[in-house]
Protein chains: 2
Amino acid sequence: MYKENLIESHRRIKQYIHNTPVLTSQQLNKIAGVELFFKCENFQKMGAFKMRGATNAIMQLSEEQKQKGVVTHSSGNFAQALSLAAQSLGVKAYIVMPSTAPQVKKNAVLGYGGILIECEPTLAARNKTAQEVSQKEGATFVHPSNDMNVIIGQGTAAKELLEEQPDLDYIFTPVGGGGLIGGTALAALYFGENCKVIGGEPFECDDAYRSMISGKIESNTTTNTIADGLKTELGDKNFPIIKEHVEKIIRVTEEEIASAMQLIWERMKIVIEASSAVAFAALLKEKESFKGLKVGIVLSGGNVDLKKLPF
Amino acid sequence: MYKENLIESHRRIKQYIHNTPVLTSQQLNKIAGVELFFKCENFQKMGAFKMRGATNAIMQLSEEQKQKGVVTHSSGNFAQALSLAAQSLGVKAYIVMPSTAPQVKKNAVLGYGGILIECEPTLAARNKTAQEVSQKEGATFVHPSNDMNVIIGQGTAAKELLEEQPDLDYIFTPVGGGGLIGGTALAALYFGENCKVIGGEPFECDDAYRSMISGKIESNTTTNTIADGLKTELGDKNFPIIKEHVEKIIRVTEEEIASAMQLIWERMKIVIEASSAVAFAALLKEKESFKGLKVGIVLSGGNVDLKKLPF
């Protein structure tokens, strides 16, 4: 039911995003024992796949909605993505961010033309503030991951990957709020040739793993991980898709994440963030099960504080 | 006189090297005020352009010479390049390295199948040991930068760059032993449309800059630079080419190198070594002179110790 939507969304956002390269590495193939295809969303505009979903969500608004702008709460890549996508499309973006967020993240939003609104550093305050802005300005709220237009937009990365490598056996993505893996699962379903999707998740915030077992959306009690893009939880829009179309979630330790990240930096000479390394770490963890297969890995982003590397 | 040689060498080595991608960055274009095209030799096999010259040098040997192998002295990328090129071509490579060289570099040579021969950490001992190996084994000595086959091989990077962007106004490369910039100058001469070549060099080892002024090969008294691939000096094979065909050498400080390196990591999401950043740092230093022009930058390599970053 989402096939046409994916095709149309991709056509719509194409001129506002990069069709990022798919890189290979003979050295990593040897280490993993599989044939790897890395979809490099670290080379995406603003440095992460989130640019896709943000652009798609804004482009689906009516002209009236566009005039009043969009609002979201995020202290991560989605805040920057919505700001830049809105700027490219001539739309205002209100970004609600906890006052405690690092100045560098606030500056990034401002640099992309976002309108920064600070709030108390609690989830309740973030929701409330975003709601207030939405009411006052008439701005449309766009959730970073639990929004069908966002999910479909994120799925265009896997669509491009499958256009280049149609016979992938698997695609691995990291799992945070569920937008990327949800969209990837749909793209694999419609554009793959029996391509299965697996998620990588830190042990330290394994809500998706537990949700798959219990059959309902579970919460995190701890989020003590270097994969700071993955601390969020699944939502009612993406969880049904994940439950139905994702084969499984593989959990990895912090050491495994850091080590996979270092391997990619050293062997592939590219900068990826810790969250991006989780998918590759998950593959390495169970590599014996994938011997000789063709595996796509979505490297979700490359926004890293070079002063705080985990290796 | 080297045009055919460049064409033939390129044809010869093609299947043993990567035609590396040419990346662009709107953000860096804005910062530099020019249109930039980065030739990403950090993505080359073994992580540096040296793979090109090493492969070309070995392929030009007679069958008899190939059976006896090759020998070089290097503790840097050329040691690994000659080892891997020799391995790919079924030839033995003797690598003379100072006993004080980091174990990680020794392991890299061994990993690529090179035969490691340690010597005292002096230039005299290196030369003498290489000569002894050459005599004892009958192995052909291949100089890392002052060898016409090596110079021509390195020039194939700029040839590829110009095949993709034929109307570049300038190509910038770092200057170490002179192999890369010498080959680049020849490629620009034969395959560019009035494309000029400029070198970037650290103030801390500005032998090429001084050699261009004095008209003879100058030595370094200090080599206190983070650009550790550039501590070597020009040779009698490459200096005449550089003198005739390179427009000038621009010197940069250590801070400028580190800052250019960080800019490329952060904005382009790729890993380059400090030596690679020197060419971009040189452009930034005099960017006012290149406003609006099309400038190619050879990013020479990406072999970095992630534990020792200069930022």
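Observations, loosely collected:
- Against chain A, whose longest principal axis is taken from its Cα atoms, helix A:148-164 shows a tilt of about 30°.
- With R₀ set to 30 Å, the beta-carbon distance separating A:LYS308 from A:GLU63 gives a calculated FRET efficiency near 0.10.
- Shielding value for B:267-277 is 4, the average number of Cβ atoms from other chains within 10 Å of each residue's Cβ.
- Cβ-based charge dipole, chain A, positive-most Cα from A:LEU234, A:ASN194, A:THR24: A:THR24
- For the peptides A:3-9, A:180-186, the ranking by mean Cβ contacts within 10 Å, running from highest to lowest, is A:180-186, A:3-9.
- Considering all different alpha carbon pairs of the stretch A:157-311, the Kirkwood hydrodynamic radius works out to 15.4 Å.
- At a probe radius of 1.4 angstrom, the accessible area of chain A per residue rounds to 39 square angstrom.
- Distances in nm from B:LEU123 to the matching label points in the other copies, shortest first (labels 7 Å along Cα to Cβ): 6.5
- Dividing the summed -39500 (n - 2.57) terms of all DSSP H runs of n ≥ 4 by the residue count of chain B sets its mean residue ellipticity at 222 nm at -14000 deg cm²/dmol.
- Here the average projected area of the convex hull drawn through the C-alpha atoms of the stretch B:117-222 stands at 8.6 nm².
- The C-alpha atoms of chain B define a longest principal axis, and helix B:274-285 lies at about 30 degrees to it.
- Packing, taken as the mean count of other beta carbons within 10 Å per residue, orders the peptides B:244-256, B:284-296 from highest to lowest as B:244-256, B:284-296.
- Surface share of carbon and sulfur [accessible, 1.4 angstrom probe, percent] for the protein assembly as shown: 48 percent
- Exposure rank, largest accessible area first [A:MET97, A:MET148; 1.4 Å]: A:MET148, A:MET97
- The Rg/Rh ratio of the stretch A:42-160, with both radii computed over alpha carbons and Rh defined as the Kirkwood radius, is 0.94.
- Backbone HN-Hα couplings from phi across the stretch B:184-197 [Karplus 6.51/-1.76/1.60, Hz, Gly and Pro as x]: 5, 4, 5, 4, 5, 4, 8, 10, x, 9, 6, 8, 9, 10
- Heavy-atom accessible area buried between chains B and A is around 1600 Å² (1.4 Å probe, both sides summed).
- Average beta-carbon neighbours from other chains, 10 Å sphere, peptide A:200-206: 0
- Label point 7 Å beyond Cα along the C-beta direction, distances from B:ASN107 to other copies (nm, shortest first): 3.6
- Debye log10 I(q)/I(0) for chain B, one point scatterer per Cα, at q = 0.07, 0.13 Å⁻¹: -0.24, -0.86
- Annotation for the stretch A:133-235: GluC sites (Glu not before Pro) lying in DSSP loop with at most 14 further Cβ atoms inside 10 Å of their Cβ are A:GLU193.
- All-pairs Cα distance distribution in the protein assembly as shown, expressed in whole percent, bin size 20 Å: 19, 48, 28, 5, 0
- Calculated FRET efficiency for the pair A:HIS18/B:GLU193, C-beta based, R₀ 25 Å, to 0.05: 0.30
- The long axis of helix B:254-268 is offset from the longest Cα principal axis of chain B by roughly 80 degrees.
The values are calculated or read from the model by the stated rules, or taken from the named source; none is laboratory data. Computed from a predicted model, the values in this text were never measured in an experiment. Ideal geometry is used to build each Cβ from the backbone, glycine not excepted, and the neighbour counts take in all protein chains shown. Each accessible area value is taken on the protein alone, full model and side chains, heavy atoms only, with ligands, DNA and RNA left out. Shrake-Rupley method; radii C 1.70, N 1.55, O 1.52, S 1.80 Å.
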